[in-house]
Structure formats: structure tokens, C-alpha cells
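The structure appears below as C-alpha cells.
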Amino acid sequence: MNEKSEIDPRDQRAIRVSKMKKLRADGIDPYPARIGEGRITVSKVRENWDELKRIEREDHTIEREGVAVRLAGRITSIRSHGKSMFVTITDGTGDFQLYLRKNTLEEATPNDSNIYERAKELDIGDFIVSAGELFTTRTGEPTQLVKEWAIICKALLPLPEKWHGLNDPDLRLRQRYLDLLTNPEVRLNFEKRALIIKSIRNFLENRGYIELETPVLTSLYGGAAARPFMTHHNALDIDLFLRIATELYLKRLIVGGFEKIYEMGKVFRNEGVDRDHNPEFTLLELYEAYTDYNGMMELAESMIINAARAVADYTGYKTPEEEVYTPDNDSNGIIVNYEETKIHISPPFKRVAFVDIVEDITGIDILSENRNEVLEYLESRSIEIDPKTPYWNLIDKLFSESVEPSLIDPTFVLDYPVGLSPLAKRSPNNSKLTERFELFIAGKEIANAFSELNDPIDQRERMEAQVECHKEGDSEAPHALDMDFITALEHGMPPTGGMGIGVGRLVTILCGAHALKEIIPFPLLKPKDQ
């Protein structure tokens, strides 16, 4: 009894392994390092179809012989008809149909009498390279008449069923490669993410910004309120933190003479995972000398509208299932359909004062610092909070629960209280406020910007207050004073505008995606065995 007859017909992997072994026994490498010269993509074939295809007159005489082309890709369907078969491949730029006919293959490769029989052993998921002429079938389908072919990768596991795809939400994230193969809209989101990042970089570089890199591992963490990840460096025998922001190092570069700088990279915050949060995420931070938060507002508005237009142009205002983007005919912007809500990414973005919008919605004058009034309001709305929470943390909770959900179209919320803004410059008109804004779209914080604090004495006092908060149990406050940063400021930093943008959240909105995990190729997941 041969090996193949002993295999359980339900065991797809075992059957495919057997085929792979048979190829090796016949002297054929199922995983060659090279596919040969001259391969072109499916998209190039379709773009140049009229120049490449075989032309036949109505009387079936040949007007022009087809040009032989070389294609390569993964098999996605096989239809066998005895002595001929149709195979569809995809190469990442599109699908294309191949026609393999026994007589044609044997005539083209007289030294390989088994070439067609091997083709009958192919499985969906295998990668092949093929060469042959192009023609159009009677049904009008562009097709290659294959003269020779070779396997270039034998797939040992089957793909999910084509029409039903991969539907299990958890499995789609754990095996993203299969999700990409069976759900085309997933790939489209990642392509749009790349386009948005490219558009942002191009926009900033056209405005004279330089991208520089700052340390990921630091002995101190700061620049944001967040709990860090900790690690240990064996050679130096010191504990280090993964950065939670790039701010303090980028400001050192402003001190050092750079005028327009940015970094787009990963930061790490030891927080929960939900639709709007992932412990590692892409943050854009930029700083410009001799401007302020008004300059940052203009920059943010122009940059985000530019990104929205780029994505809309790329998709032709459509995804595979629905129209997501439409031109805003009343302005020079784009309308995004996000979760059944039309969002106008159009100039000018709305501007409101933090204190005013909180009072308009809640009736509370937060600058009076009436703690009991805030607690009573939160309790009346069933918003859970520890009564011992510091006052400005209460205000942050009040804002996020009561105000943020109402900010659908792009809205700049301006002039935050000093208690919420330890790194922003005080307002010259009100010492209780700072020159800070946050940009909200679809109820999500997208950008955070300041007229940067460059007074080293004021900065030290605020940082010392944060360290005290850490000692009192605030795990998101810095644990130590960054004296090197203070020393840098004492050497002098010019008036500066700075801004951070959560790239993932922006991408989510511009892609019409529900959650961050839909636009992150490999989001953090709990291990399967846990």
C-alpha cells in the first residue's frame, strides 16, 4: 500500500505534504529560490492588454500572435475539464485567469511528458509561475494560454473558503494573513493607512520640516501622562522605560538650533486595550520655533484636509461596499461617512474655549474649583469616579464623558486650565489658562498642541508637582524630575509651537473603520492559551 492511500482523505495537510514529497522525489524543488527573469504583474498586463493580447478575426484567422508573458501568483481557484483546466491566480495587484491545456503543454515541453498531470495535482493556495500567450475567451475573459509552468511554493494548509471568507473576529486578528487574503477591504485599509502617513510626511517636508529620531529606551519617561513599560539593560545594569512620548527630546533639538522638526514613530503606554487604545501606537510629534498654538491650528487643519483628500482620490470616493468619501461642494474639503454619521473634513474647523464648552454642556464653572459641584454632577450622571481623585483629574473625566461625544465635526477646543496642561505656556490674558488646544473628530481626541512652555523655572515647578502626584499614587505621572531637560531649557528655547497627533485614530476615521485594531496589521492580543 502506498503512502497516499494510507492518508486520511479529510486530512488536507497530510495530502498536501504527500504531494510535496512526490515533487521532491521527481527532482522538483517545491520551494525554489528564484522564478526566472521577465515576470510582469497582473496590473501591468491589464494596463497594456491591447498591445499584448493575441488578436483573431471573425473568421478565426490570426491577425497578430500574442506576446508571451511571464506571470506569477497564488492560486485562488481551479476548474478542471479533463484535458484542460482554468486556474485563477492573484499576485497582489489583481487576479488573472490561466488556461492549461494538455496538448499545448506537451507540445511546448516535449521533454516533460508529465507537466499536465502535475498541474492536476495543484491545490488552491499554491504559488506558480507561468509563461504563455494572452488571449480573450469566448466569454470575454482575459486569459493566458500557458505553454509552461512551475510550482514556486507548495502550500501545506488550505485557505479559508473563498466566498464565506474568514469571519471569526478573533481569528481574523490572530491570522491576519488569512484575513487579508479573504477580506479585500482589510488590505484597502492598510493601503490607505500607508497613504495617509505618506501624505503627512510629504506635507511636513514641503513646509520645511525635518524628521529626526529620538530614543525609544530612556532612563526617565515624560511628555505625557501615562503608565510606562519597564525593561532592564543587562550590560549597564539599569532599568529603562519604553518612551511614552517623544516631546522632551524633540524640544532639546529645538534648543540645539533646529527650527522645524518632527518624528513619526511608535510610543508605548501600559494601558488597556479597547476600540480607541492600543499599548503601542504611532504618534506624530512636531515642533516649530517662532510660532505658537495658533500656528499649530493652521498646520493641523491643512494637514488633515490634505490627508483626507489624498485618501478620497486614491479610492475614487468608494470602498468595495459603499461610498465613504464625497466632495464637500460647500468648501474645499471632504465629507467622510463614519459609522452612519457625515463628518465634514472641511475648512475652517470649529473653535471653542474649554471652559465655555464645559459650562455650556454641564452648567459648571470649572475655574471656581468647586469640587463638590463636580462630584455631584458626575454622580447624577452615574459616572463612576473615586471621590479622592484630584480635582483636575475630575475635570478631565467630566470633559471626556460629557463634552467629547458631542464633538463630531473637526473642533479645536482651546485654552485648557493650567491644572490639565503641565507643559503648556500660560495664557497672557488669564494665568489660570494655557495656550493649548486639542482637536476632536467623531468624539475622539486626534491632536494635542501647545504654545510650548520655555520658562525653565515655571517648567521645573510644574514637573516637581507631577512628581509629587506620582508619590501620592498617580501611576501616570512622571516618577522623577528630568533635570537634563530643565538644563536644556535653561540654555534657552525660543517661543515654540508643538503638536502631537494620534495617527491611528486619524486613520480610523478617514478609513471609516470602527476600531484601531482594524487599521493595525497586528494589534496586541492576549496569547491564545490564556
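The values are calculated or read from the model by the stated rules, or taken from the named source; none is laboratory data. Given the structure is predicted, the values throughout are model-derived calculations rather than measurements. Note: ideal-geometry Cβ built from the backbone for every residue, glycine included; neighbour counts use all protein chains shown.
Restricting attention to segment 425-463, the residues that are touching a strand residue (DSSP E or B) at 6+ places or on another chain (Cβ under 9 Å) and over 30 Å from Ala515 (Cα atoms) add up to 13.
Residues that are among the hydrophobic types (A, V, I, L, M, F, W, C) and modelled with pLDDT under 95 number at least 2 in the following strands (runs of 3 or more DSSP E) confined to segment 79-158: 127-136. Taking segment 270-339 as the region of interest, the strands (runs of 3 or more DSSP E) fully inside it that hold 2 or more residues being buried (at least 21 other Cβ atoms within 10 Å of the Cβ), modelled with pLDDT under 95 and assigned by TED's automatic domain parsing to the domain that holds Lys444 are 333-338. Every listed requirement among (1) under 17 Å from Gly419 (Cα atoms); (2) touching a residue at least 60 places away in the same chain (Cβ under 8 Å) is met by Tyr338 save one, (1).
Residues of segment 165-190 that are of a type in the set (A, V, I, L, M) and over 15 Å from the mean Cα position of the chain (by Cα): Leu166, Leu171, Leu178, Leu181. Looking across segment 466-494, the residues that are over 36 Å from the mean Cα position of the chain (by Cα) and not basic (Lys, Arg) come down to Glu468, Glu472, Thr487, Glu490, His491, Gly492. Taking segment 346-382 as the range and being under 36 Å from the mean Cα position of the chain (by Cα) and not in a helix (DSSP H, G or I) as the test, the residues that pass are Ser346, Pro347, Pro348, Phe349, Lys350, Arg351, Val352, Ala353, Arg381, Ser382.
Would you point out which residue out of Asn278, Asn234, Asn270, Asn183 is touching a residue at least 24 places away in the same chain (Cβ under 8 Å), polar (S, T, N, Q) and over 22 Å from Met499 (Cβ atoms)?
Asn270 is the lone residue from the list that is touching a residue at least 24 places away in the same chain (Cβ under 8 Å), polar (S, T, N, Q) and over 22 Å from Met499 (Cβ atoms).
Each row is one residue, and each column tells you yes or no for (1) of a type outside the set (A, V, I, L, M); (2) touching a Gly at 6+ places or on another chain (Cβ under 6 Å); (3) over 20 Å from Ile244 (Cβ atoms).
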site: Asn430; (1), (2), (3): yes, no, yes
site: Glu445; (1), (2), (3): yes, no, no
site: Leu489; (1), (2), (3): no, no, no
site: Met499; (1), (2), (3): no, no, no
site: Val503; (1), (2), (3): no, no, no
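Looking for whichever is crowded, with 19+ Cβ neighbours inside 10 Å and modelled with pLDDT under 90 here; the options are Asp168, Asp179. Which one fits? Full working, then the answer.
Numbers: Asp168 fails: crowded, with 19+ Cβ neighbours inside 10 Å.
Exactly one of Asp168, Asp179 is crowded, with 19+ Cβ neighbours inside 10 Å and modelled with pLDDT under 90, namely Asp179.
Looking only at residues that are in contact with a strand residue (DSSP E or B) (Cβ under 6 Å, 6 or more places away or on another chain) and not in a loop (DSSP other than H, G, I, E, B) in segment 196-221, which one is surrounded by the fewest Cβ atoms within 10 Å (Cβ to Cβ)? Restricting to residues being in contact with a strand residue (DSSP E or B) (Cβ under 6 Å, 6 or more places away or on another chain) and not in a loop (DSSP other than H, G, I, E, B), the top hit is Leu217.
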